[in-house]
Every structure is written in structure tokens, then in C-alpha cells.
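Peer 1: Before I ask anything, let me first share the structure, which is written out below as C-alpha cells.
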Amino acid sequence: MPKPEPPRLRGWDESQTSMSNLEHSAVSAPSGLRARLVLLLAAVLAAASPLAAQTATVQGKILDQSGAVVPGASVVVTNANSGVRSSTTTNAQGAYTVPFLQPGTYNIRVESQGFKPALRSGVVLEIDQTAGIDFNLQVGEATQTVEVQGGTPLLETETASLGQTIDNKTVFTLPLNGRDYTQLVTLGAGAVQN
């Protein structure tokens, strides 16, 4: 009894199978995977950018009494309500930046060897705000602290972006059609309704 012939695929030509075709398919698979990874990365970054806009940043310069910069000073920013701390040190130009802070009230403490520690409490940060807060350190012992209380509200001079926090009382007392919270967007400066 003769052996049955294996089924053949239509359009299949064994003479066209070669090592170069196999190598080509092996090379093209990772490039397709690479393209998918690039698209996935782009999607993740696009999704994360609105989240960064819901935070605030504190930045500034640390100077001594004569106006010279103080490099290597320790800057600790503490949320007054939750106690969450973020810290950094000043660079060679005496500048510091503390990004990704949640909106709220903060206390900022600056320390450097040979200077009195400086504390600024009651700093209120809003959504998408970049607060420029400079410190002038005084020569003295570490046991003495120079404390500056809140003061006037911060003016946004660091960036041209706009952001606003709408408190709970405003949300509940405004007459919203159908309690549609998206109508609160039009309360922000520069916002228009289509």
C-alpha cells in the first residue's frame, strides 16, 4: 500500500524557502515589537502628562546676607496637613527645585552649615503653580532659627500657566445644572464654554 502524500498548502513552493527568508522574518519580528513598544511608551507619557499638571512646584535661590549664593544647602518642604516631606539640596548656583507637590499648605526649612536655619511656614500651593521662594540666610548657630510666617499670597511669576483649586464649599453652594461638576471648569481664568 503506497504512503499517502502529506497535504500541501496552496501557493506553497518549497523551492522558495531559504535561509535568507527565515533570517528576514526573524529580523522583522523584533522591529514590529520595537514599534509596539514605542507606541506603548508614547501612550503612557501622554496619559501621565495631565497628572503632572495636578501638582505644584517650589523653586528658588538660597543667598547669604551679602547676596552670595549658598551651594549645598538642605531644603526640606513638608506638607502641613499630611506630614509628607520632600527634600533637595541647592546646586552650585544656590538654586533648588522641589517638583510634584500636592496642592496644600507647606512649611519650607532651609539649613546650611554656618548659618541659622530659616523656616517659612504657611506657604499655600495651588494646582499647576510654580512658586518662587528665595531665602536669605543669616550667619549664626544652628540652634537659632529665623522663622517667616505665611505673609501675602504668592504671585505666579515663574511660569505663564494657569491653575485653580475649587474648594468643597464652592462645589456644594454653586447651582450646577444636574450637579455636573465639569461646569466648574468655566470658573477658571481664561476658560470659555463652547
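Peer 1: Could you check segment 34-78 and list, in sequence order, the residues that are in a helix (DSSP H, G or I) and at pLDDT 95 or above?
Peer 2: Step one: list which residues in segment 34-78 are in a helix (DSSP H, G or I), which gives 34-52.
The answer is none; no residue qualifies.
Peer 1: If you don't mind, there's one more thing I want to ask. When the residues of segment 79-94 are narrowed to those that are outside any loop (DSSP other than H, G, I, E, B) and within 15 Å of F135 (Cα to Cα), which ends up nearest to the chain's Cα centre (by Cα)? Walk me through how you get there before you give the answer.
Peer 2: Step one: filter segment 79-94 for residues outside any loop (DSSP other than H, G, I, E, B), giving 79, 85-89.
Restricting the remaining residues to those that are within 15 Å of F135 (Cα to Cα) gives 88-89.
Values: T88: 15, T89: 18 Å.
Going through the qualifying residues, I end up with T88.
Peer 1: For segment 108-131, what are the residues that are within 16 Å of T55 (Cβ to Cβ) and surrounded by fewer than 17 Cβ atoms within 10 Å (Cβ to Cβ)?
Peer 2: Once the filter is applied, which keeps residues that are within 16 Å of T55 (Cβ to Cβ) and surrounded by fewer than 17 Cβ atoms within 10 Å (Cβ to Cβ), segment 108-131 yields V124, E126.
The values are calculated or read from the model by the stated rules, or taken from the named source; none is laboratory data. Note that the coordinates shown come from a computational prediction; the quantities given were computed from them, not determined experimentally. In this analysis, Cβ positions are derived from the backbone assuming ideal geometry, glycine residues included, and neighbour counts consider all displayed protein chains.
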